[in-house]
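**Student:** Take this structure, written in structure tokens, and hold onto it; I'll ask about it next.
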Amino acid sequence: MTLPDGTAVKGNHFGPPQFVMPNAMGNEPHTDSHMHPTNYVQQGLMPRQMLTMMDEIGIRSTTMMKIPTSLQILEDNRQAINPSAFVREGGTSAVGGHDHGSDALHDCGLESYYVPKDIQAREMARNGGKPLSIDDFKRNPGLIDEIVQRGELYLDTAVNSHLASEIAKAGLTDAERSRLDPMITGMNLGDLRGGTKLLTELYHNKGTFTGIGEITVHKELVEDMYAGQRGQSNTQNRGNGLKGLTNLLEMAGVVGMPVVLHCDIDNLHAQIADAQHEHAPDRAPANFEGLRQLFSDPRLKDTNIIWAHGGGLGRFVQQGKQHLDLLTDLLAKCPNVFIDISWSEVAKQINNPEMKAAWVEFLEKNSTRICFGSDTLAPASTEKWNETKKMYTEVLGQLSPQARENILNHTYENVISGSRAKVRDFEEKVLTPAFYEKHLINPNAEQPLSAATVRAEAEAARAE
């Protein structure tokens, strides 16, 4: 395959790698549907570093999701420090094989993300060393404003081209390239021209991307810290609501790209408000109905969507009593929807003694619709990358061999790896220079470019 400028590139059109890594850190070979090589200041791992760590952990294939919500560092705001800071602060980098204590890992920002380290440390001191949790916000609702005032997040659309460049310059063999699924993340979900932007990214970086995501609608503190909130996508029908996201997802279906979507099932502020009222009535999760309507939209029937984090759970957003009932009904009615169980914070909720048995039953019955993900963030060590997988040891051990294999490998291979050939075919047959001139660069072109138009062009091109 060649880029528009004639440069030859090695496109990821390969199937799932067929090899085993016995006893890698005690793990059976598995895939990772949710991996972030960079942190909130765009520092982290390069492709070859990732592959070295993958061999040690036992990861056959992984997504590559650069964090698109970059942290604008403000005065006295020193969070999201990159792994190399270990060396400057007296530690040693674990990427080269050395490890460091849990305190160093915590201090580097890999746990606190966009929460200022001094606030995190203060709250931990109050809680006997326990990490920041929703209980802290319930006790002190003003804590949200304190955090939000210290930093701001903005959409960094450059991450897509940066990732494409890193892949192109990595000098990977075919076998190595087949293990990486780079994803487009830097997309403005409130922009009605999102579908056009997607095609433009693909045209300029042919052979690179497998899918879209993780992209975020609602996420705990992120939506409060996000600059230019007026342009955000949301499930409450404010402004454009989900129109821009719907256009993007429909276009992804035409291309054949899967989408990993982060959207909290409930609202952090609403959960805090519930805690302030002793007899707060039971209510439906704040964002679920909007998501249900989105997932069941007939325009998205061809778009495979992976709803991240066990169906919208997180560090602060907790599962309600009816969570698994809602997910069961959703999966039954929306065959294009899948769920990942990524993130150590989600693993904690699934491992809750009161919910574990119900989760094991749910995973067993729906294993072809569920995939494992680590949700690691610029991991400084193999141990850190392997943290979430290790937390699921007992739960996975209670599943049948087939269900476990589905969650660890087959769903990824069907939904993510299985889409590669479709995307490469679309890039080759549809995203031609003539298409670019007619639909993407022409100031008189349809605005926004509709999925129906692109679908017609694709059908005509393939017929030829």
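The values are calculated or read from the model by the stated rules, or taken from the named source; none is laboratory data. Nothing here was measured: the structure is a model prediction, and the numbers come from that model. FYI the Cβ positions are ideal-geometry reconstructions off the backbone, even for glycines, and counts take in every protein chain you see. Calculation scope for accessible area: heavy atoms of the full protein, side chains included, ligands and nucleic acids excluded. Shrake-Rupley method; radii C 1.70, N 1.55, O 1.52, S 1.80 Å.
**Student:** What list of ³J(HN,Hα) couplings, whole Hz, do you get for segment 260-273 from phi and the Karplus terms 6.51, -1.76, 1.60, once you set θ to phi - 60° and write x for glycine and proline?
**Tutor:** Working through the residues one at a time gives 9, 10, 9, 8, 3, 6, 10, 9, 4, 4, 5, 5, 5, 4 Hz.
**Student:** Right, something else. What are the ³J(HN,Hα) couplings of segment 61-66, residue after residue, when phi is run through the Karplus curve with 6.51, -1.76, 1.60 and θ = phi - 60°? Round to Hz, x for glycine and proline.
**Tutor:** 9, 8, 7, 10, 10, 5
**Student:** While we're on this one: Can you list the lysines whose alpha carbon sits under 25 Å from that of Lys66, skipping same-chain ones fewer than 8 residues off?
**Tutor:** Output for Lys66: Lys10, Lys117, Lys169, Lys197, Lys206, Lys219, Lys243, Lys348, Lys384, Lys389, Lys390, Lys422.
**Student:** Give me the dipole magnitude in Debye, nearest 20, for segment 323-366 about the Cα centre, with unit charges on the beta carbon: positive for Lys and Arg, negative for Asp and Glu. Let's see the in-between values first.
**Tutor:** Numbers: 4 positive and 7 negative charges, 10 e Å.
Its charge dipole is roughly 60 debye.
**Student:** Give me, ordered by chain and number, the residues 5 or more places off Leu449 or on other chains with an amide H under 5 Å from its own placed amide H.
**Tutor:** Thr196
**Student:** Near the amide H of Ile306, under 5 Å away, which other amide H atoms are found, from residues 5 or more places off or on another chain, if H is placed in the peptide plane?
**Tutor:** Here Val259, Val260, Leu261, Phe338 satisfy the definition.
**Student:** Could you give the dipole magnitude of segment 229-383 about its Cα centre, charging the beta-carbon of Lys and Arg +1 and that of Asp and Glu -1, in debye to the nearest 20? Walk me through the numbers before you get to the answer.
**Tutor:** Details: 14 positive and 18 negative charges, 92 e Å.
That gives a dipole near 440 debye.
**Student:** Karplus couplings for segment 38-43 from phi (6.51 cos²θ - 1.76 cosθ + 1.60, θ = phi - 60°), rounded to Hz, Gly and Pro as x?
**Tutor:** 10, 9, 7, 10, 6, 10
**Student:** Another question, if that's okay. Going from most exposed to least, what order do Met46, Met124, Met257 have by accessible area with a 1.4 Å probe?
**Tutor:** Met46, Met124, Met257
**Student:** What figure, in Å² to the nearest 10, do you get for the accessible area of Lys138 with a 1.4 Å probe and non-protein molecules left out?
**Tutor:** Counting only protein heavy atoms, Lys138 exposes about 70 Å² to solvent.
**Student:** Which of the lysines could a cross-linker bridge to Lys333, judged by Cα under 21 Å and excluding same-chain residues fewer than eight apart?
**Tutor:** Lys301, Lys321, Lys365
**Student:** Right, another one. How far apart, in nanometres, would the label points at His162 and Ala463 be if each is projected 7 angstrom from Cα along the Cα-to-Cβ direction?
**Tutor:** Each label point lies 7 Å from its Cα, and together they span 4.4 nm.
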